[in-house]
Each structure stands twice: as structure tokens, then as C-alpha cells.
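Undergrad: Please see the structure below; I have some questions.
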Amino acid sequence: RKNGYRAGNSVFSSPSSPNEEEIRFLEAAEYGDIPTVREMLSSPTLNTSCVDFMEQNALQLACGNEHFEIVELLTQGKSMSRIGDALLLAISKGYLRIAELLMNHPSFRVNQRLTKSPGELMLLDPESDFYSYDNDGTRFSSDITPIILAAQCQEFDIVYELIRRGATIQHPHEYKCQCADCTHMRRNDALNYCLSRLNAYKGLASPVYLSLITADPVRLALKLSHELTRMADVEKEFKVRVLYDQQVQLFRLNSPEDRTQGENVPATVFSLSLIIYCTIYQTSLVVHTLVATRLSARMPSLKHKSSICVSTLRSKRSILILNAFVLFICTRTMRSPFCKFATHGMAHAQFLMLLVLNCIDRVEWFKSSPPFAFLIHQTSEHGRHTEFNWCEVFIMLYTAGLLWNEVTELWDDGPRNYVVQLWNILDFFLLVILITSFVASFISHQNRLQSNNAQNDVQYIPSKSTDDTKMDVSVPKWMNYYCYKYADRSHWIGSDPQLIAEALYSLGIVLSFTRICYILEVSEKFGPLQISLLSTVGDIIKWCGIFFMIFGAFLLGLFNLYSYYGKPEAKTTKAFTTIEETFITLFWSLFGLADYRGVEVKYDHQWTRIVGYQLYGAYNIITVVIMLNMLIAMINRSYSDVQVDSDLEWKFARAKLMMSYFDNGNVLPVPYNLVTIPLRFYGCVVQL
Ligand SMILES: [Zn+2]
């Protein structure tokens, strides 16, 4: 690009053209005519730094055409100009011998020319043309030092030589650094400032450079890539994220299929902590052969299903065996990640079974026979519960176990790491809902007991329609409310604690079952499918942003139009007369379940009627035809996107799940983990 620009420029502005002798010399250098160059170098009249019409001198021409001997001749003799530029050219073209020859040239020892960037050298010596490409400036951006260029070009030997000679890549300052240099550069030339940072990072992130400056390049690369990811959010000018992907290339170097490329890079030891780091931050790394084998080695039982553990757990009496197993054999085998995974999974399955059993007494075909008596809710015969049944007691025990589990996890991981994992947030909500539900029903039980103790009237009023006046005035009003007399549901107020408890418990059931998804991630069949589904959630949230804006606009518009027609003689239906009615009508019309005549008014108000029809019609077209179809298209697209590398995503999710079982905490599954409470407190006391 630069050449084309220069050529055009030169033809018309006609700079001082070289004379006959100079043309011969330059051509000899360009085409590798060694005898001519040697002969002409001894000529006293020749200006060795002469340039051709492209403003290239003999050294640059010889370098560009890889004439090693001519470069050697040129650099031996009289002082030669633009040696720095020739070096950059040799590096960028990968001419190792020429680059080494030039690096050894004495002129590099002045002003630390090998380590400073052309731009910095210009500040020291403005007249120098050491690094200039032509009269206009340097070949590359002025912040490119030889080592940055070599690192970017992945020239292993050149980088090695440069590091040996003391060259390093300076780590760029923080983006918003307030030091004098940064402020000056930012104010003078913001574009160049950003470019120079990007160039430096590109050099730093190069696998060759990383593997040469540290014994553990992978760790450093991950650190760097973490920094770059963070920066990509701040520095919008250049999405440094490109680099982040480039980073990951480094690890391919270590994989067997790519041996040829990475022979020079020392193989790296993957430590466990490093793998943990990988699983948190880098999806693609987990699939890396080395990491994957390491993980499998840590979880041998997952790979070889023949182990005793699996066969035990698969047998039909697994639940009984599991309980015995958990209670009595609390040995070291329990600590193995696979056993932990299996026992925790089984414990959750038991919990779900309890949830199912707990509602079975209201299923029609259930006949209460003595062996199932423990399932029946001990109700006063007309609605209000007076006691918890065994199922509920066990569910509470499990909930307590879950709570203790989460507390220890929060304690061990710290709040930050705890919140990062979305499953933990789900668990938190599940716990809050279940505990609130139990507290509410406990309050109801207590009130019922107290009021029963206080009064002994047994006259039961079956429904609200009958006489309410026989209230006992000797006890407080709330006791009358809870007494046996008003036990029928028709007497309850909307905020009755038992109603609240029942509603929350239903929510809790749904959340408990979603936790199955967490375990399903391990399955090869369901895992990828489930991840595809989860990824569409993001799309739905984005879509909702636009949808609620449109929905809100029509909600307010239609409500304003019809809010004065609330009376039955004004409008055929209640639709749009209140905010609630408007919301209901608009929401259900998304699914075609609302009446289009909702906009009609009984009075002869044509204008209102027409505007109403227009608004409602426009709403239907925009939401049903456009928005809903857009949502379907979005889901389609992201589903097929994920499907393409669902294997990778699944392996990532599975590895993450595996990692969560590697740590030593929470060996015992819920609710047996409650046994550890005293131990834990004892541990804390001893520490103090
Ligand atoms: Zn700074």
C-alpha cells in the first residue's frame, strides 16, 4: 500500500533521481550481484546511502530480496543508513540469518537501539534515519520495536536472540493511567496511543514470547487473556478480544495433533489449580486434549463404569444401600469426586421422591391404608393443618441439610465465587422459598393450637354464608379466626399463613425439579440439548426488552382511551376500562384468547371506536405477527448456533460440574451433612 502511494507521488513530484553510478549500484544490490557491489563499495565517489526512485537504499533492497552476502558487505564497510529498518524488514520476512547479522551490527549499541521503539529514538535524536523506511517515516507503526515485531511474527529464534540481548516488551500501563507519558500521548494522538497498546499486547500475547520469558507460559497466558477480556469491555476502540482468541491458539501448540508447529515451545505442566482456572474462564481450553485427559484421570470412575461404586448404585435396592453406605462407611472413598457426585445425586432424587409422596394423599386413587398412614396430612377434618406429617418432617430435614450445605459452601468459597455460579443462586431462592413456606405453616399451626386451647366450642360453621355472629368475645379476635369454628377454607382471608405456605411450597416444588438439569449436564444425550435450551434464554431476555416497551405503550394508550367507559351501560365488555383489565386483554390477545369487540362502546362515539380499533389492530400486528415471529427466528438461530458446537459446550459444562466435586468440602450428601455441624463448630472454636 505504501509502495503504491509512494510510486504515484514520486512520478509527479520528481524527487532528486539517482545518477548512473548509483543506479548501477542499487540494481546490483537488488539482484544479488556480489562482485559488482564489492567493487563499487571501494569507489570513492559513490554515495552508499543513495536511494532509488522508490526511496529505498541498497541495504533495504538487498534485505528485501534476501541477499545475505550483500547485506554482509554493505554493513561491513562505510557507515550505512537505515539499518534498523532493514532489521525490521528481515524480521517481518523471517530471514533469520540476515536478522542475526544485523543485530550484531555495532550501530545497535548506541542509545539501546535494539530495545527502544523507533518513536522513542526519534525523541532522543530527531535527525536519525536509523529506523526510517523513507523520508516520510518508519515502515511499521512507530511504536513497533524489533522484539514486538518478531513476537507478532512468531519468529522463535529471533525473539530468543533479542531476549538474550536484553530486549523485552514493556507491559502497557492501565487504560486510564494518569502518568505524564500516557496523558501526553492520549492528548496528542489518541489513535496512535490505542494502536501502540494493541501492538504491545499482540507481542506480549504471542506464544513464542510467552514461552521464552517464563517457565509456565500457560498460566501467564491465562492471566493475560483474563486481563484482555476485562479490557475489551473498557477499550471499545479496539476490541482486544480478538487477541483473546489468539491466546487460545497457544494451547493448541501443546496438543499432539499440532506437534509440528509447536516443537519449539516447551510442554507445560497442567496443575490442578490451573485446570480449575481454565474451567472457569475458558470454554475452548477444556476441550484441549491435555486438559481433558487430566480431568478424566481425576475422575476415573466416570470413564470406567465397571467400578463397584456404579454397580452398587445401579442396583434396585440402591436407596437402602446408599443410606447404609452413607451412614456407616464414611471412609476416604466417599471423598472421591465420583462417589460424591453419585451420592449427592441420589440424595437429591430422594428429596424429589419425598416431594411426590407429600402430595399423594390428595390424589384420587390413593386409598389410605395402614402402611401409608405416614403420608396423610393430619388435618382437622375441614382444612386447617394441625400437625406436620412424616413426609414434611423429612422435607424440612432435607431443607436444613441444603441450608447447611449452602452455608458451608459460602463460607469456603467466599461470597464472590459463590455468586458467580448460577446454580447457587437457584439454590438460594429455593431455600428462601421453602423456609418461608415452612415458617408460614408453622405460624398457622401454632395459632391454631393456641386458639384451640383457649376455647372449646365445637360448633363448626361449614361455610361463610351461615351465622358469623356467635363470636366468642372473651378471647382476642385472631383466636376466633383460627378457632375450629372457622376452619373451613371459605372463612380464610387471602393472606392466611397457610395459603401463603401452600403457594410458596408449590413454587419450591418447581424449583427443586429444575435442579435435575444440573445433574443432566453430565449425560451425553441430554447435556447438549439442555445447553442449547439455556442459551436461548438470553435471546428471550433481549426480546422482552423491546416487547415490554411496545406492550407498555399500548397498555397506557388503550387504558387512557377507555378508562371513562367503566360503567356497564357504556361498554359491552370490561376490557380496557382498568389497568388490570387492559393488561389481561392485551396479554391474552397475544395467544388469540381475547375478544376483538373489546374496543366497542355502546354510545354513539365513532371517533373513539375507530381509534380503539386502530390501536388494538396495530398492537396485534406488531406483537403477534412481528414480535412473536421474531422471537421464534431468534430462538431458531441461537439454537442452531449452539448445536454446531454443542459438543464443546457440553464438555465445558460437564468439566465445570466435575470441578465442583473436586474440592474436599461437603463430602456427605444432604441431609447427612447435618452431622458435621458440631464438628465444624468445634473446628471453629479450636481455631479461636
Ligand atoms: Zn502511564
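Undergrad: Being modelled with pLDDT of 90 or more and small (Gly, Ala, Ser) is the filter; apply it to the stretch 33-67 and report the residue that is surrounded by the most Cβ atoms within 10 Å (Cβ to Cβ).
TA: 62
Undergrad: For residue 206, work out the one condition from (1) under 29 Å from the mean Cα position of the chain (by Cα); (2) at pLDDT 90 or above; (3) small (Gly, Ala, Ser) it doesn't fulfil.
TA: (2)
Undergrad: Run down 624, 686 and say which single residue is of a type in the set (Val, Ile, Thr) and not assigned by TED's automatic domain parsing to the domain that holds residue 595.
TA: Of the residues listed, the single one that is of a type in the set (Val, Ile, Thr) and not assigned by TED's automatic domain parsing to the domain that holds residue 595 is 686.
Undergrad: How many residues does the stretch 385-395 hold that are surrounded by 18 or more Cβ atoms within 10 Å (Cβ to Cβ) and hydrophobic (A, V, I, L, M, F, W, C)?
TA: 3
Undergrad: Quick check: anything in the stretch 594-607 in contact with a Lys or Arg (Cβ under 8 Å, 6 or more places away or on another chain), over 30 Å from residue 568 (Cα atoms) and of a type outside the set (Ser, Thr, Tyr)?
TA: For the stretch 594-607, residues in contact with a Lys or Arg (Cβ under 8 Å, 6 or more places away or on another chain), over 30 Å from residue 568 (Cα atoms) and of a type outside the set (Ser, Thr, Tyr): absent.
Undergrad: Now for a separate question. Quick check: anything in the stretch 153-171 within 16 Å of the ligand (Cβ to nearest atom) and either part of a helix (DSSP H, G or I) or surrounded by fewer than 19 Cβ atoms within 10 Å (Cβ to Cβ) (or both)?
TA: yes
Undergrad: A further question follows. Please verify whether the stretch 140-151 includes one or more residues that are under 30 Å from residue 39 (Cα atoms), among the hydrophobic types (A, V, I, L, M, F, W, C) and crowded, with 18+ Cβ neighbours inside 10 Å.
TA: No, there is no match, as no residue in the stretch 140-151 is under 30 Å from residue 39 (Cα atoms), among the hydrophobic types (A, V, I, L, M, F, W, C) and crowded, with 18+ Cβ neighbours inside 10 Å.
Undergrad: Hey, could you check the stretch 464-500 for residues that are outside any helix (DSSP H, G or I) and among the small types (Gly, Ala, Ser) and say which is modelled with the lowest pLDDT?
TA: In this case the residue turns out to be 465.
Undergrad: Sticking with this one: Would you point out which residue out of 122, 103 is aliphatic (A, V, I, L, M), outside the structural domain of residue 235 (by TED's automatic domain parsing), touching a residue at least 60 places away in the same chain (Cβ under 8 Å) and more than 16 Å from the ligand (Cβ to nearest atom)?
TA: Just one listed residue meets the conditions, 103.
Undergrad: Looking only at helices (runs of 4 or more DSSP H) that fall completely inside the stretch 603-670, which ones have 1 or more residues that are at pLDDT 80 or above and closer than 21 Å to residue 517 by Cα?
TA: Passing ranges, in order: 628-644.
Undergrad: A further question on this structure: Any idea which residue in the stretch 404-423 is surrounded by the most Cβ atoms within 10 Å (Cβ to Cβ), counting only those that are farther than 17 Å from residue 537 by Cβ and of a type in the set (S, T, N, Q)?
TA: 405
Undergrad: How many residues are within 11 Å of the ligand (Cβ to nearest atom) and not charged (D, E, K, R) if we restrict to the stretch 191-203?
TA: 1
Undergrad: While we're on this one: Residue under question is residue 437, and the condition is that it be assigned by TED's automatic domain parsing to the domain that holds residue 495, modelled with pLDDT of 90 or more and part of a helix (DSSP H, G or I); does it hold?
TA: For residue 437, the condition - assigned by TED's automatic domain parsing to the domain that holds residue 495, modelled with pLDDT of 90 or more and part of a helix (DSSP H, G or I) - is met.
Undergrad: I've got another one for you. For the stretch 200-221, how many residues meet the condition of being within 13 Å of residue 168 (Cβ to Cβ) and touching an Asp or Glu at 6+ places or on another chain (Cβ under 9 Å)?
TA: Summing the residues that are within 13 Å of residue 168 (Cβ to Cβ) and touching an Asp or Glu at 6+ places or on another chain (Cβ under 9 Å) in the stretch 200-221 gives 1.
Undergrad: Which is within 16 Å of the ligand (Cβ to nearest atom), assigned by TED's automatic domain parsing to the domain that holds residue 34 and polar (S, T, N, Q), of 132, 117?
TA: 117
Undergrad: Go through the stretch 172-190 and report how many residues are within 10 Å of the ligand (Cβ to nearest atom) and part of a loop (DSSP other than H, G, I, E, B).
TA: Number satisfying all stated conditions: 8.
The values are calculated or read from the model by the stated rules, or taken from the named source; none is laboratory data. The model shown is predicted, which means the values in this text are computed figures rather than measured ones. Here Cβ is always computed from backbone atoms with ideal geometry, including for glycine, and neighbour counts include all displayed protein chains.
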